[in-house]
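Everything below concerns the one structure shown next.
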Amino acid sequence: MRNTLRITSLSIVLAAGAFASCAPESDPGARLWRKKCAACHGADGTGRTRFAEGRPFADLTDDRWKHGSDRASVRRLVADGDPASTMPPFAGRLTPEEIDAVVDHALKLATPGSGGAKP
Ligand code: HEC
């Protein structure tokens with residue numbers, strides 16, 4: 001009985017460890033996305049939030065891009081924002097390294113099969 005208990009708690013610890021190491025929070029881009037972008041774009045990047053209502057381009061997973069899908073264009077948009085919408089500029093609010101990381105995460109969400117939103 002005691003052995004069973006010990007094995008059970010050991011596997012819980014192991015499972016928790018495995019979960020923590022692959023949880024999105026270990027990735028700075030994912031953490032920034034959750035804190036700075038997900039309120040509008042959703043955790044999965046599909047933009048189904050009340051802040052992005054009526055703004056189809058807030059869906060980053062549909063392969064339709066208003067500002068360009070290449071990394072340089074996406075990075076420029078995230079840094080400068082889009083004054084014609086609620087997409088805010090992040091230059092000055094995030095470091096260049098943080099912008100790089102969150103852009104990488106946004107592109108990951110936008111690319112099916114790369115661990116992003118789409119199966
Ligand atoms: C206050 C809401 C809001 C926040 C916060 C926000 N966005 Fe946006 N974002 C939008 C909206 C709305 C659009 C669509 C713009 C349009 O329709 O012209 C957009 C557009 C974009 C686009 C361009 C899509 C295209 O079609 O070209 C990218 C990339 C993007 N956001 C990334 C981000 C990232 C990365 C963050 C976090 C660092 C972020 N956004 C935070 C509202 C937001």
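Summary of computed values
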{"read-out": "Selection within the range 83-99 - within 14 Å of residue 31 (Cβ to Cβ), assigned to a helix (DSSP H, G or I) and more than 8 Å from the ligand (Cβ to nearest atom)", "value": "97, 98"}
{"read-out": "Meets criteria (at pLDDT below 95 and farther than 17 Å from residue 98 by Cβ) for residue 25", "value": "no"}
{"read-out": "Per-region count, the range 70-82, residues more than 7 Å from the ligand (Cβ to nearest atom) and either surrounded by 13 or more Cβ atoms within 10 Å (Cβ to Cβ) or touching a residue at least 60 places away in the same chain (Cβ under 8 Å) (or both)", "value": "7"}
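The values are calculated or read from the model by the stated rules, or taken from the named source; none is laboratory data. On a predicted model such as this, the values are computed, not experimentally measured, just so you know. Counting neighbours? That spans all protein chains shown, and the Cβs are built from the backbone with ideal geometry, glycine included.
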